[in-house]
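Asks: Submitted below is the structure of interest, expressed as structure tokens.
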There are 2 protein chains.
Amino acid sequence: MEVIDTIPEEDISNTEQNVASSSNDNLNDIGRCQEDKTFSSSSFARRRVQISTDKVEIGSLNILSAKFESLDYDTCENYPFLDEERKKGYKFVIQKSISRWFVFLLIGMITALIASIIDISIEELSQRKYAVLSQYVDKYVVEGMLYIPFLLWVIFNVIPVFIGSCLVSYAEPIAGGSGIPQVKCYLNGVKIPRVVRIKTLFVKSIGVICSVVGGLAGGKEGPMIHSGAVVAAGISQGKTSTFDRDFKVFRYFRDDHEKRDFVSGGAAAGVSAAFGAPVGGVLFSLEEGTSFWNQGLTWRTFFASVISTFTLNVVLSAYHGVPGNLNYPGLLNLGKFESFNYSFYELPIFVLMGVAGGLLGAFWNHMNYKLAVFRMRYIKKCWLKVLEACLVAAISATIGFLMMFLINDCKPLGQDPTKYPTQLYCEDGQYNVLASIWFQTPEASVRSLLHDPPNTHNALSLASFVLLYYILACWTYGLSASIGLFIPTLLTGAAWGRLVSVGLTQVLPNSAIVQPGKYALIGAAAQLGGVVRMTISLTVIIMETTGDISFALPLIITLVAAKWTGDFFNEGIYDTYIELTGVPLLSWDPPPLAHNIYASEVMSHPVVTLKCVENVRHIVELLRSTSYNGFPVVDPPITDQKEFTTYGRIRGLILRDQLIVLLIKKIFNETPDCWDEIDSNIFRDHYPRYPTINDIFLNEKEKTYSVDLRPFMNPSPYTVLHSASLPRMFRLFRALGLRHLAIVNDTNEVVGMVTRKDLARYRVWRHQGRIGVEELLISKEI
Amino acid sequence: MEVIDTIPEEDISNTEQNVASSSNDNLNDIGRCQEDKTFSSSSFARRRVQISTDKVEIGSLNILSAKFESLDYDTCENYPFLDEERKKGYKFVIQKSISRWFVFLLIGMITALIASIIDISIEELSQRKYAVLSQYVDKYVVEGMLYIPFLLWVIFNVIPVFIGSCLVSYAEPIAGGSGIPQVKCYLNGVKIPRVVRIKTLFVKSIGVICSVVGGLAGGKEGPMIHSGAVVAAGISQGKTSTFDRDFKVFRYFRDDHEKRDFVSGGAAAGVSAAFGAPVGGVLFSLEEGTSFWNQGLTWRTFFASVISTFTLNVVLSAYHGVPGNLNYPGLLNLGKFESFNYSFYELPIFVLMGVAGGLLGAFWNHMNYKLAVFRMRYIKKCWLKVLEACLVAAISATIGFLMMFLINDCKPLGQDPTKYPTQLYCEDGQYNVLASIWFQTPEASVRSLLHDPPNTHNALSLASFVLLYYILACWTYGLSASIGLFIPTLLTGAAWGRLVSVGLTQVLPNSAIVQPGKYALIGAAAQLGGVVRMTISLTVIIMETTGDISFALPLIITLVAAKWTGDFFNEGIYDTYIELTGVPLLSWDPPPLAHNIYASEVMSHPVVTLKCVENVRHIVELLRSTSYNGFPVVDPPITDQKEFTTYGRIRGLILRDQLIVLLIKKIFNETPDCWDEIDSNIFRDHYPRYPTINDIFLNEKEKTYSVDLRPFMNPSPYTVLHSASLPRMFRLFRALGLRHLAIVNDTNEVVGMVTRKDLARYRVWRHQGRIGVEELLISKEI
């Protein structure tokens, strides 16, 4: 890798308007970041140019992929839109509003129902599996043929994992993992292909059942959030591409703006179903993505969350045989806590545990990142992915088996509410503690660690469990299987938290304050905080899951300590994955010290523009020859004697999709009959997957026609002067959810375009103790 | 009042750039709203004009006051700013960031300390007062001279209320009431004069102690939120105008943008201290005001909230003699609840109670609104205000006395943890229940109603209490005294909620599910929801205050039902007061059906512009003769042959305050020496109260000098085309916190200015079953 400094006076467009042009230079932009402060503020000639490249080092976190496009949150106020508003009037506003509430109701209910189905399936299958295993262990331990239950366990693990992994690898790879990074990107405004399709939901649901039943170190909570998002996107659109059905309802919700609002509600409903945490759900949507928030949306999101947890509660209470008794608000049920007391002097301990969680989490993230890079490099084939998943499933069983075989931690029966007490080598009337931890879902294990009475677990078994599960969880996340990391992380944390309490009991033997459950909870929070680095929503989620509000302060202190410690080393695991995929996520704030980076440096040009009345052939050729998504509509330039090349005075902005629809519907000036049927719905029918230009066939005569773009374009797109600073554009993008921003000169003539990728390129850079603003590479690959 | 239809082709500027011009027509704009749909979309001639007026009907909710100005959330990227960024570099960013966290820490701590002082003072004084009263009642009841304790009670009430009311009426009227409407406006971006001054804080703190000790039907919780906001504003600026001290710290936080962030943290810390609800505090800041939110700010706000509740907890626990035991997270302490159970069939009951709360709340708001109008009309003199407050204080005592005198509700001693059991006419070994409700702070009464065992209260005493307290609370809110309405509203609601449980016990005599405390809580929530109409934050606040998460769903259902019912009739009480004051609050969403209202109709013109290099005399005269706050800096117009009058091509925007500073510092082209000392601090020294133009004296020679505005103006203000729609401008304002928006024509020449008031004028209008977009009046008065 060589360091290239600057390539003056060269302008490469690498924006959404333009898919990255290619070059074979393999740039390493780390060496040059210190000089970024010398960015010229006015001279165009001294502009630094970052050439996009096709060859990217796999595993680089400093790239943006050109293949991701933005959602468009801005309303296109064209004639059909205004016409609809005028014709349908206030009644339509009311109707839309009622429908919106209704859709949020459905989102909450259906998300909860899917969660219930997943939960009940996992419960039923796991119970059978572990009941059989427990019996077989106790049966064959007498005969000394423990390899039989071991092999059985391996088989019980590998078969479901094989099914789940095949589904994910072959049918829908986007359904792998927890789905939280993808949902986060979507909420941030990035279109991730196929992320909210029904097919993804199917694969995800079956995949997560298979993974959890298959004994992988993971949980069903993360996938629930993704499921909620898919449900929301599906219901709100009233159509499905997977089954190619259009139910002709909710057509007015078919645009990026509305859809994204629904998806944020769906994600919140998912969190709510997963953790029984409606407030946490709302805060998750807020913290993780939604940049423009309003009270109405908050309300509806909250509504969906509450409905979701309520529905789940009703269904699961009925399933557990106590229909009236609403005690199952979420999938993750940590059980009722007695109220914890804590003293002032314990707070430093919690901080230290937070720091430990941060360190462990940062290391976990680093290992997992290395593993992900390894996978990107070498495990590319689908069969290899499936093989790896099966291997991990087998190893999970092996580790569990070895632990319960080697560590003979016995406790008298009846003390611990374990379901399948396995005797193994214990004396009669005793059971093997480790077996009871392993012979249940990881979630039930978390519950055991939080609630088991003091002295249930000895230090050795806890320590070895922490070590092995830490590695196992790290290996598991990122497999080609639908599985989340909340549960294994909580489990690891709860285990070492309990270990801390065992240690503290040695120091303070008679202290009533050392409740093992409390320390297990703090450990779990610390580990989770160290890995995912969400703070506010996580605090609330844990508070809501445990049902204990008085414990807020210790949780917050722990989580903040964990986050700060972890952030010192690397990013949260979700962000790491997002960077690895090269998604152009816009962070909350523009990079600091960027006020002297101007639009003229950021924008991409040349720009392809259209005239107000444009020849059809020209449009077709333009769409074929470029991959731009937004075209400024301009008056032809008056003069070319400007400082910059201009492309005429801006009149509006038209999108590729809109042009495609105009061509399909043949709305040409020469075919005035078509103009009668024009309304907003012509653009909605094809949303969100418009045909490509290659699917459109026009005869030669039609190509000589012309089309008037003015009624269909967005007549007042946001524009800024070429002298606007990067933070100014950033805030505009972030606050308004823009997709395109036209850059104009003093006389309102277009000189360039800025898209999300142009802004996402600039990022504060602070590795190795040096600070600067770095420009990321943009690549077609990854 | 007569209906005037349209006044064609007349343009009146009534914006922040221009204080309302006056006219004596007294317009009633209700009759014309149905025609608003016919708003011309392009023809300027047909534009409807709303003439601003000086004579406003008192009590109108359809006016905007011209006296309120906007906060400016947009960063002015002028040369001193860029220079500072370049010179100080990343170190400065880090330093600012650390200072910011430190300030939030201080905000949390000091807010909590003030809350503690208020709480302890009230506690101590009230205890003495009620102990004496209880003794005297029991002493004189035997002698038949009950008028002595009655008069004593009246005196005990009137004296503190007199002090508090005098302070508020004469010293600082803005300290009256709960302060929540004012904080809400500030967070929305409106500068409310004197709202965050130290003096206000003093008056508020002493005032609230006086009011609560004086037995007014109110609480200290609302004022705490205001106090938190003042603390935040005070600390973050490192200076105080009240004491005229500048501590020379945190100078870089002296702009509207930073200050407002701190205030949102302070408000959250206030909520957190008041209710022990850190999450509720964050959500309050979010729900009630902050339109642009980012993760960093959320974080810091959360931090301040947690610190606040923690500090309060430590102090109050020490005060109550249990220093280690952190059980006092907030001022409002509803006590520990046993977990409530609820059944499916109770949900409809909760909904009905919510509806009842909504109805009662709406009626309460209506009555209070009428009362406020009455006060605006007739109780204008300060001594009248004080007199009214004292009268209410005396009547509060009288009502209490009459109730305990007339309703002989006796219960055996020891059943209820009342502090001063008053026997009155009860038999020995019994106490008067109503006396125990009245002889304590309203807050303690709420606690009694929530926790007293079943059958403590009989239906008659509850019913009469509800009726009288409902009226009393309504009369109290809006008095010239610092007092909040959370507690009396909760108290009224808890009382009728308990009444419901008494009724239900009659219907279902043997049901274990009818827990009076549960119904009292639901009633309290319903009543509060019906009055204030906050939902999300209120749910969380109540959840956190009661410490019971499992009860979230019933609370949400109740609150939503209450809000919807209430919203059908009128607005929440805070919003009513805001509208009554004519504050140009921007709602969350632009009015519907407003896409065909264009910038050219909304903007105000003529516009006063400045040249890039301007004569000093001209600037002085301009500042003297106008009251504009923002001036576009333009190149002189090239031609006047345009469709609209233009004022030249826009170069930037300069604020009145900046011009004033330039004049004070005499930064003229002819005095090049001054240019050396220019940095961002010259603008910060005077923030937020700049001298007026009349305070500046320049000699004749200086007036012939010229000043170059270009280094100081904002070089790239946001602009939109005259064809931009109202919702587009609205979103820009709301999302970016703008104060001025320049409207330009096709060639970037200024044609008008839009400010907050221009946008706030347009509001959806839906009284009396008709719908439209109404334009509010703008008035200098109110």
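Asks: At R0 = 51 Å, how high is the FRET efficiency between A:ASP676 and B:HIS257 if r is their beta carbon distance? Nearest 0.05 is fine. All intermediate terms of the calculation are to be shown ahead of the outcome.
Replies: Details: r = 51 Å, r/R0 = 1.00.
In this case the efficiency is close to 0.50.
Asks: Per 10 Å bin, what percent of the C-alpha pairs of the range B:103-319 does each bin hold, from zero upward?
Replies: In whole percents, the pair-distance histogram is 9, 32, 31, 16, 8, 3, 1.
Asks: Here's another thing I want to ask about it. In peptide B:715-722, what is the residue-averaged number of other protein chain Cβ atoms found within 10 Å of each Cβ?
Replies: Numbers: counts 5, 10, 4, 8, 6, 4, 9, 1.
Going residue by residue through B:715-722 and averaging, the value is 6.
Asks: Counting only helical runs of four or more DSSP H residues, what would the 222 nm mean residue ellipticity of the protein assembly as shown come to if each run contributes -39,500 (n - 2.57) and the total is spread over all its residues?
Replies: Dividing the helical sum by the residues of the protein assembly as shown leaves -17000 deg cm²/dmol.
Asks: Sorted from shortest, what are the nm distances separating the label point of B:TYR170 from equivalent points in the other copies, each placed 7 Å from Cα along Cα to C-beta?
Replies: Reported distances to equivalent positions: 8.9 nm.
Asks: Would you mind telling me the antiparallel percentage of the DSSP bridges in the protein assembly as shown, rounded to 5?
Replies: Taking every DSSP beta bridge within the protein assembly as shown, about 80 percent pair in antiparallel fashion.
Asks: Which of A:MET224, A:MET403, B:MET753, B:MET367 has the fewest other C-beta atoms within 10 Å, and how do the rest follow up to the most?
Replies: By the 10 Å Cβ count, ascending: B:MET367, A:MET403, B:MET753, A:MET224.
Asks: Would you mind telling me the antiparallel percentage of the DSSP bridges in the range A:599-779, rounded to 5?
Replies: Details: 21 of 26 bridges.
That works out to approximately 80 percent antiparallel.
Asks: Mind checking the angle between helix B:516-532 and chain B's longest principal axis? C-alpha axes, 0 to 90 degrees, to the nearest 10.
Replies: That works out to roughly 30 degrees.
Asks: Okay, moving on. Fewest Cβ neighbours within 10 Å first, please rank B:PHE162, A:PHE310, B:PHE374 accordingly.
Replies: B:PHE374, B:PHE162, A:PHE310
Asks: Another question about this same structure. Using 17 Å as the cut-off for backbone N distance, which residues of the range A:151-165 belong to the label zone defined by a point 7 Å from the Cα of A:TRP383 along Cα→Cβ?
Replies: A:162-163, A:165
Asks: Just name one of B:ALA277, B:ALA131, B:LEU105: the one whose Cα is farthest towards the positive end of the charge dipole of the range B:103-319 (beta-carbon charges, Lys/Arg +1, Asp/Glu -1).
Replies: My answer, from the dipole projection, is B:LEU105.
Asks: Taking the alpha carbon gyration tensor of the range A:341-416, what are the square roots of 5 times its eigenvalues, largest first, to the nearest whole Å?
Replies: The answer is 35, 26, 9 Å, longest axis first.
Asks: Please report the antiparallel percentage of the DSSP beta bridges confined to chain B, to the nearest 5. Don't skip to the answer; put the middle values down first.
Replies: Working: 31 of 40 bridges.
Here the share of antiparallel DSSP bridges comes out near 80 percent.
Asks: To continue, here is another question. Taking 2.2 N^0.38 Å as the expected size of a compact globular protein, what ratio does the Cα radius of gyration of the range A:55-204 give against it, to two decimals?
Replies: It is 1.67.
Asks: Could you work out, for the range A:510-583, what percent of all Cα-Cα pairs fall into each 5 Å distance bin, beginning at 0 Å and stopping at the bin that holds the largest distance?
Replies: Once binned at 5 Å, the Cα pair distances of the range A:510-583 give 3, 16, 24, 21, 15, 10, 6, 3, 1, 1, 0.
Asks: Taking the axis that carries chain B onto chain A, what is the nearest Cβ in chain B, and at how many Å, to the whole number?
Replies: Value returned for chain B: B:ALA735, 2.
Asks: List, in the order given, every pair from A:LYS88/B:LYS757; B:LYS370/B:LYS563; B:LYS67/B:LYS191; B:LYS96/B:LYS239; B:LYS96/B:LYS248; B:LYS665/B:LYS703 whose Cα-Cα distance in the structure shown is over 19 Å.
Replies: Over 19 Å apart, Cα to Cα: A:LYS88/B:LYS757; B:LYS370/B:LYS563.
Asks: A follow-up question, please. Using the alpha-carbon atoms, what tilt in degrees (0 to 90, nearest 10) does helix B:147-166 show relative to the longest principal axis of chain B?
Replies: With both axes taken from Cα atoms, the answer is about 10 degrees.
Asks: How many nanometers, to one decimal and shortest first, lie between the label point of B:GLN506 and those of its other copies, if labels sit 7 Å from Cα toward Cβ?
Replies: Result, one decimal in nm: 6.7.
Asks: If you place +1 on the Cβ of every Lys and Arg and -1 on the Cβ of every Asp and Glu, how big does the dipole about the Cα centre of the range B:458-598 come out, in debye to the nearest 20?
Replies: 400 debye
Asks: Could I ask something else about it? Could you work out how far apart the two model spin labels at B:LEU391 and B:ASN327 are, taking each label as a point 7 Å from the Cα in the direction of the beta carbon, and quote it in nm?
Replies: Between B:LEU391 and B:ASN327, the simple spin-label model gives 4.5 nm.
Asks: Provide the three semi-axes, in whole Å and in decreasing order, of the ellipsoid equivalent to the range B:394-522 as defined by the square roots of 5 times the Cα gyration tensor eigenvalues.
Replies: 23, 19, 12
Asks: What number do you get for chain B when its Cα radius of gyration is normalised by 2.2 N^0.38 Å, N = residues?
Replies: 1.03
Asks: Longest span of chain B, sites excluded, free of GluC sites (Glu not before Pro) in DSSP loop with at most 10 other C-beta atoms within 10 Å?
Replies: On the way: sites that count: B:GLU9, B:GLU10, B:GLU338, B:GLU427.
So the longest stretch without any such site is B:428-782.
Asks: With only Lys, Arg, Asp and Glu charged, each at its Cβ (+1 for the first two, -1 for the last two), find how big the charge dipole of the protein assembly as shown is about the Cα centre; round to the nearest 20 debye.
Replies: So the dipole magnitude of the protein assembly as shown works out to roughly 560 debye.
Asks: Got a sec? Charge dipole of the protein assembly as shown, +1 on Cβ for Lys and Arg, -1 for Asp and Glu; which of A:THR422, A:PHE92, A:SER725 is way out at the positive end?
Replies: Positive-end residue among those listed: A:THR422.
Asks: Using the Karplus equation 6.51 cos²θ - 1.76 cosθ + 1.60 (θ = phi - 60°), what ³J(HN,Hα) coupling, rounded to whole Hz, does each residue of the range B:80-87 give in order, writing x for Gly and Pro?
Replies: x, 5, 5, 4, 4, 4, 5, 6
Asks: In the protein assembly as shown, if the dipole is taken from +1 on Lys/Arg beta carbons and -1 on Asp/Glu beta carbons about the Cα centre, which of B:ILE578, A:VAL263, A:SER480 is farthest to the positive end?
Replies: Farthest along the dipole direction, towards plus: A:SER480.
Asks: Against the empirical 2.2 N^0.38 Å scaling, what ratio does the C-alpha Rg of the range A:599-779 come to?
Replies: Compactness ratio reported: 1.16.
Asks: Can you work out the FRET efficiency for the pair A:LEU113 and A:ASP685, with r the C-beta to C-beta distance and R0 = 35 Å, to the nearest 0.05? Don't skip to the end; give the middle numbers.
Replies: On the way: r = 29 Å, r/R0 = 0.84.
FRET efficiency, A:LEU113 to A:ASP685: 0.75.
Asks: Hey, what D do you get for the range B:198-271 in µm²/s if you plug the Kirkwood alpha-carbon radius into Stokes-Einstein at 25 °C and 0.890 mPa s?
Replies: Values: Rh = 13.1 Å.
Answer from the Stokes-Einstein relation: 188 µm²/s.
Asks: Please rank B:TRP588, A:TRP438, fewest neighbouring Cβ atoms within 10 Å first, as an exposure proxy. Walk me through the intermediate numbers first.
Replies: Numbers: B:TRP588 16, A:TRP438 25.
Sorted ascending by nearby Cβ count, the order is B:TRP588, A:TRP438.
Asks: Further, regarding this structure: Dipole of chain A, Cα-centred, from +1 at each Lys and Arg C-beta and -1 at each Asp and Glu C-beta, to the nearest 20 debye?
Replies: I would put it at about 700 debye.
Asks: Between copies, how close do the A:MET376 label points come, placed 7 Å along Cα→Cβ, listed in nm from shortest?
Replies: Reported distances to equivalent positions: 6.2 nm.
Asks: Follow-up. Sort largest first and round to whole Å: the equivalent ellipsoid semi-axes of the range A:346-579, each the square root of five times a Cα gyration tensor eigenvalue.
Replies: Its equivalent ellipsoid spans semi-axes of 28, 25, 13 Å.
Asks: What does the C-alpha gyration tensor say about the overall shape of the protein assembly as shown? Classify as rounded when a/c is under 1.5, otherwise prolate if a/b is larger than b/c, or oblate.
Replies: oblate
Any read-out appearing in this document is the output of simple, stated calculations on the displayed coordinates, not a laboratory observation. Please read all numbers here as calculations on a predicted model, not as lab measurements. Methodologically, a virtual Cβ is constructed for each residue, glycine included, from the backbone with ideal geometry; neighbour enumeration extends over all protein chains shown.
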